[in-house]
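Heads up: the structure comes next, in structure tokens.
The values are calculated or read from the model by the stated rules, or taken from the named source; none is laboratory data. Since the structure is predicted, the reported quantities are computational estimates derived from the model, not experimental observations. With ideal geometry, Cβ positions are generated from the backbone for all residues, glycine too; neighbour counts draw on all protein chains shown. Note: accessible area is taken over every heavy atom of the protein model, side chains too, but ligands, DNA and RNA are not part of it. Shrake-Rupley method; radii C 1.70, N 1.55, O 1.52, S 1.80 Å.
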Amino acid sequence: MSDAYDLVVIGGGPAGYVAAIRAAQLGMKTAVVEGRGALGGTCLNVGCIPSKAMLQSSHHYEMADKEFAHHGIDVSGLKVNLKTMLARKDKVVEGLTGGIEMLMKKNKVDYIKGWGKIDAVGKVSVKPLEGKAKAQVLNTANILIATGSEVTPLPGVTIDEKQIVSSTGALALPKVPKTMAVIGAGVIGLELGSVWRRLGSEVTVVEFLDVALPGMDGEVSKHAQRILSKQGLTFKMKTKVTGAKAGKDGVTLTMEPREGGKAETLKVDVVLVAIGRRPFTEGLGLKEAGVEVGERGFIPVDADYQTNVEGIYAIGDVIGGAMLAHKAEDEGVVCAEIMAGQTGHIDYGAIPGIVYTHPEIAAVGKTEEQLKDAGIAYNKGKFPFTANSRARCNDDTDGFVKILADATTDKVLGCHIIGPQAGDLIQEVVNVMEFEGSAEDIARICHGHPGLPESVKEAALGVAGRAIHI
Ligand code: FAD
Ligand code: NAD
């Protein structure tokens, strides 16, 4: 293909495919180049979607095993059919990635399969996935780098995706391991650690820091660790992993206390490495194209998402910030609009973050620690789910909603929720924050009864010390 494009997007993940659709909507002749053989990126293929599918299936199993009897539902002969569970997960993934391909067709975006390389400004070559065919060269006015991220490796712990796995291998284990060690008590560690614990593994989470989910509001992360421990996850905090050796009868993990001291070993069937993700730019030709690479490999961009080279833009995980699919998608829309001569912006202070454990954990805006560090005076309203009638009906009362508002203006500065459907509940507060609303605004809005969102309203009332139901 030698036609000139207005835009060639490299990477078909949430950042890239969304940017391509928006660019096409705005009349740009657009192509998206993707090397993994399917659209949707990390998120749809090996991230958000398969992990949530497995979280849902394993949650159903845990409910049937531990909760149904309490509701007067007796179950006998309960067992996990992992093959069916994994096949369902794969079907969800295939359905959604296939759907993105349809969206490309609908929007007349050319989907080009292969690995893209920037040859020069305005030139991208694509190495086909199979065969020895010559690379295809695409001429384009603009190039958008949306190549995402990959797992951060841990020295001494070699991932083989069988016994020592990244999240990708952990989403496709052929049998439930008897024992599992998870390195990193972050989002992936807690979500996938929960999946395998629910399905029967004895899971030990090894974390370098003294808190799980670092960066989250301290009160929430402490509460989360307490609940997840009660559910059966074992946490080994302030511990440094020094190596892992895979053998016929399992993996031997060596570790030592962070502050120094006696080394110890842990023998497990499977080790999951989940210590963060790093930008993926291998083979992209950045150096040759003169594109600057910044701290830890992230690509620096200006307010218009343009790199230091005119006509080359970058968005999504590869530019850093919150490594989240919805942040990547929003950057896709805004970047395409800017390329088309429009203006757009993202409020990075109001991007929700959700951990899909049970209960869910959700956050937006500032934590109490951040407000204290910045010397900002705030009022706090906190409401426990034990006092919410719907949570009581559902027998799902662990956790609370916490709203933080400016002490002078009452403007909502942050919200932190641990509890049932926290990921859905947080959206109300995100919307209010986008409109620069106050806690009083939330408190004055009518909320349906009996509903979990009433907890958000009560927390907002609590900011002014006038919650009704506590
Ligand atoms: P990616 O999704 O990584 O897409 C980049 C694409 O570019 C890839 O498909 C890659 O193959 C392709 N590519 C790279 N280089 C080239 C090249 N040279 N040529 C052609 N193609 C190339 N986020 C959430 O918001 N919610 C969640 O619940 C969630 N769960 C997650 C669970 C797991 C296990 C993981 C690993 C991540 C999860 N994330 C979640 C994070 C989310 O997946 C990422 O933030 C998101 O995918 C980033 O989108 P992106 O388009 O920037 O990059
Ligand atoms: P993370 O940054 O969430 O957590 C990594 C954890 O590993 C941290 O607690 C860190 O202190 C710890 N750690 C780092 N080095 C260590 C070491 N050597 N030994 C022990 N512990 C160590 O990273 P992740 O869980 O790998 O997730 C990667 C990214 O994917 C995140 O940025 C997240 O935003 C995204 N993600 C999002 C979701 C979601 O939105 N629900 C789900 C999964 C992943």
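Residue count for region 175-186 under the criterion of being surrounded by fewer than 20 Cβ atoms within 10 Å (Cβ to Cβ) and either of a type outside the set (A, V, I, L, M, F, W, C) or within 16 Å of ligand 2 (Cβ to nearest atom) (or both): the result is 3.
Looking only at residues of region 55-84 that are of a type in the set (Val, Ile, Thr) and surrounded by fewer than 11 Cβ atoms within 10 Å (Cβ to Cβ), we find that the one that is nearest to Ala170 (Cα to Cα) is Thr84. Candidates are the residues of region 310-363 that are touching a residue at least 60 places away in the same chain (Cβ under 8 Å), within 9 Å of ligand 1 (Cβ to nearest atom) and open to solvent by 50 Å² or more (accessible area, probe 1.4 Å); the one that is farthest from Cys48 (Cα to Cα) is Glu329.
Looking across region 148-174 at every residue that is within 9 Å of ligand 2 (Cβ to nearest atom) and aliphatic (A, V, I, L, M), the one that is nearest to the chain's Cα centre (by Cα) is identified as Val151.
The C-beta contact set for region 87-113 (first residue within 16 Å of Met28 (Cβ to Cβ) and at pLDDT 95 or above, second residue not polar (S, T, N, Q) and not in a helix (DSSP H, G or I), distance under 6 angstrom, 6+ apart or interchain) comprises Met104/Tyr111; Val109/Val32; Asp110/Ala31; Tyr111/Val32; Ile112/Ala31; Ile112/Val33; Ile112/Val126.
Take Phe400 and decide whether it is in contact with a Ser or Thr (Cβ under 7 Å, 6 or more places away or on another chain) and either closer than 24 Å to Glu219 by Cβ or within 16 Å of ligand 1 (Cβ to nearest atom) (or both). Spelling it out, it is not the case that Phe400 is in contact with a Ser or Thr (Cβ under 7 Å, 6 or more places away or on another chain) and either closer than 24 Å to Glu219 by Cβ or within 16 Å of ligand 1 (Cβ to nearest atom) (or both). All of Val109, Val124, Val137, Val80 fail the test of being more than 15 Å from ligand 1 (Cβ to nearest atom) and hydrophobic (A, V, I, L, M, F, W, C), apart from Val80. Here Ala172 passes the criteria (1) more than 13 Å from ligand 1 (Cβ to nearest atom); (2) in a loop (DSSP other than H, G, I, E, B) except the one numbered (1). For region 87-134, filtering for residues that are open to solvent by 50 Å² or more (accessible area, probe 1.4 Å) and assigned to a loop (DSSP other than H, G, I, E, B) leaves 8.
Any residue at all in region 230-247 that is in contact with a helix residue (DSSP H, G or I) (Cβ under 8 Å, 6 or more places away or on another chain) and within 16 Å of ligand 1 (Cβ to nearest atom)? Within region 230-247 (the criterion being in contact with a helix residue (DSSP H, G or I) (Cβ under 8 Å, 6 or more places away or on another chain) and within 16 Å of ligand 1 (Cβ to nearest atom)), the answer is no, since none of the residues qualifies. Among the residues of region 303-344, the one identified as at pLDDT below 95 and among the polar types (S, T, N, Q) is Thr343. Within region 29-54, the set of residues being more than 16 Å from ligand 2 (Cβ to nearest atom) and either free of Cβ contacts under 8 Å to residues at least 12 places away in the same chain or open to solvent by 20 Å² or more (accessible area, probe 1.4 Å) (or both) comprises Lys29, Arg36, Gly37, Ala38. Among the residues of region 378-397, those that are touching a strand residue (DSSP E or B) at 6+ places or on another chain (Cβ under 9 Å), outside any helix (DSSP H, G or I) and open to solvent by 60 Å² or more (accessible area, probe 1.4 Å) comprise Asn379, Lys380, Lys382. Would you check which residues across region 284-332 are within 23 Å of Thr30 (Cβ to Cβ), more than 16 Å from ligand 2 (Cβ to nearest atom) and of a type in the set (Gly, Ala, Ser) and list them? Within region 284-332, Gly285, Ala289, Ala303, Gly311, Ala314, Gly332 meet the criteria.
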